[in-house]
Amino acid sequence: MRRTCLSLLCAAVLSVSFTASAQAAPETRGSVVTAARMLDVRSGRMLRNVQILVENGRIKQVASDGRAVDGAAGLPRHDLGDMTVLPGLIDMHVHIDSDPTFSGYSYLQFNDRFWSAVSVAHAEKTLMAGFTTIRNLGADDWNDVGLQQAIDQGRVIGPRIVPAAYAFGATGGHCDSTYFPPSMRDRNEYNADNPEEARHSVREVRKYGAQVIKICATGGVFSRNTEPGQQQMTHAEMKAVADEAHMWGLKVAAHAHGAAGIREAIRAGIDTIEHASLLDDEGIRLAKQHGAWLSMDIYNTDYTQSEGRKNGVLEDNLRKDREIGEIQRENFRRAHQAGVKMVYGTDAGIYPHGDNAKQFAVMVRYGMTPVQAIQTATINAAEALGRNDIGVIESGRHADLVAVSGDPSMDVTKLEQIGFVMKGGAVVRR
């Protein structure tokens, strides 16, 4: 029976074959994408009857209201009918080599290289869900750097990756290894316990492929012997990280749940504050003053509370998750109402990869309009990354496009059912 190729299974196999060949051989001579609607994420307006001319993996021209793009005669066409086209989505906080079904201590049953292998499948699921770019904020064994290189070389299928490689922080803090006794001698070799060590860690992870620096300013939920509200790096250490990274042209992301750690990270010049669960009024004021971006993962508590225990998550971790989950969501509402800049970050890997779009509906539930939520995962994320080649459908940018049935500016849950994905001019899902 396992050899029987039922019709649906055959269709799935053919779809995977199509995907692989499409990514390996994009339409270099160009193509035209047509659809009933396109969301202009700059203005928030919905354009009608659009044509998008793609050439050499980039968007060359966009026309709407039934006008035709120039030079389209004879080019392949992707007619999406009554669908809505959007820029490829961007998730600013994932862990591509993490699998939530092996949590707590259960992951120790596998060889270290297991996580390198499963990250390949996670990357494909993420791309098929419409996320054409991800920022990976912490991986073991340089898994995200290697995966990024393999994707860029066309060897495996996945999104554009901005890798942080090893995240680091204080000895005994959230970015350290905190699950084992002294006899195991397990530690993060990039721990930074003074400003000079912080500068050295930035230099070393950048040397081996990090394109963004990730630090842990406070304790966390899914570590042992830390509490989310604890500040764990000093202002001087965080400022050394920010200054060094910025000198090299890199952005810095800080894991920061606690109010004091959030405030000190912003004052130190950190670019994006991750989680921001216990954000206070002063933190909101500082974020606005300094132009810091907040990346608040307000969906994943739904998954961890329903599935975490059977996945092996320890009760102490579930306790911390319960304690801050709703507080974080209400602080998301407050920060948005105050006008703080927001990006879309989900912490995928805490929940299954490929479900990244489920956070959109939670963001709308806690105060955003559908268009504002979509902007966090497109134009806002591109700006926070310092990139002008993704995040918007306009001339010169990568031809990273997704499409859904219906109108996601009215019902953001439409983004949970992506029907078309183009990355760099290559159709990888349709």
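Quick notes
- Unmet criterion (only one of (1) among the acidic types (Asp, Glu); (2) open to solvent by less than 40 Å² (accessible area, probe 1.4 Å); (3) at positive phi) for Asp141: (2)
- Options Ile273, Ile266, Ile298: the member that is in a loop (DSSP other than H, G, I, E, B) and either modelled with pLDDT of 95 or more or crowded, with 21+ Cβ neighbours inside 10 Å (or both): Ile298
- Identity of the residue in region 240-259, crowded, with 24+ Cβ neighbours inside 10 Å and assigned to a strand (DSSP E or B), that ends up nearest to the chain's Cα centre (by Cα): Ala253
- Screening Phe131, Phe114, Phe110, Phe102 for residues that are under 23 Å from His275 (Cβ atoms), open to solvent by 30 Å² or more (accessible area, probe 1.4 Å) and among the hydrophobic types (A, V, I, L, M, F, W, C) leaves exactly one candidate, Phe102.
- Pairs where the first residue, in region 86-115, is on the phi > 0 side of the Ramachandran plot and the second is outside any helix (DSSP H, G or I), C-beta under 8 Å, 6+ apart: Gly104/Gly312; Gly104/Val313; Gly104/Leu314
- The number of residues in region 201-224 that are in contact with a helix residue (DSSP H, G or I) (Cβ under 9 Å, 6 or more places away or on another chain) and open to solvent by 60 Å² or more (accessible area, probe 1.4 Å) comes to 6.
- The listed residue being among the basic types (Lys, Arg) and either more than 23 Å from Asp99 (Cβ to Cβ) or without any contact (Cβ under 8 Å) to a residue 24 or more places away in the chain (or both), out of Arg135, Arg203, Arg224, Arg160: Arg203
- Criterion (farther than 28 Å from Lys358 by Cα, out of contact with any strand residue (DSSP E or B) (no Cβ under 6 Å at 6 or more places or on another chain) and surrounded by fewer than 16 Cβ atoms within 10 Å (Cβ to Cβ)) met by exactly one of Gly81, Gly57, Gly66, Gly74: Gly74
- So Glu307, is it open to solvent by 10 Å² or more (accessible area, probe 1.4 Å), among the acidic types (Asp, Glu), out of contact with any strand residue (DSSP E or B) (no Cβ under 9 Å at 6 or more places or on another chain) and within 22 Å of Val94 (Cβ to Cβ): yes
- Restricting Ser21, Ser119, Ser43 to those that are at pLDDT 95 or above, within 30 Å of Ala164 (Cα to Cα) and not β-branched (Val, Ile, Thr) reduces the list to Ser119.
- Being buried (at least 23 other Cβ atoms within 10 Å of the Cβ) and part of a loop (DSSP other than H, G, I, E, B) is a description that applies to Met233.
- Check on Trp248, closer than 25 Å to Gly367 by Cα, aromatic (Phe, Trp, Tyr) and modelled with pLDDT of 95 or more: no
- Test: Tyr351 is closer than 18 Å to His275 by Cα, at pLDDT 95 or above, open to solvent by less than 30 Å² (accessible area, probe 1.4 Å) and out of contact with any strand residue (DSSP E or B) (no Cβ under 9 Å at 6 or more places or on another chain): yes
The values are calculated or read from the model by the stated rules, or taken from the named source; none is laboratory data. The model shown is predicted, which means the values in this text are computed figures rather than measured ones. Counting neighbours? That spans all protein chains shown, and the Cβs are built from the backbone with ideal geometry, glycine included. Heads up: the accessible areas ignore ligands, DNA and RNA and are worked out on the full protein's heavy atoms, side chains in. Shrake-Rupley method; radii C 1.70, N 1.55, O 1.52, S 1.80 Å.
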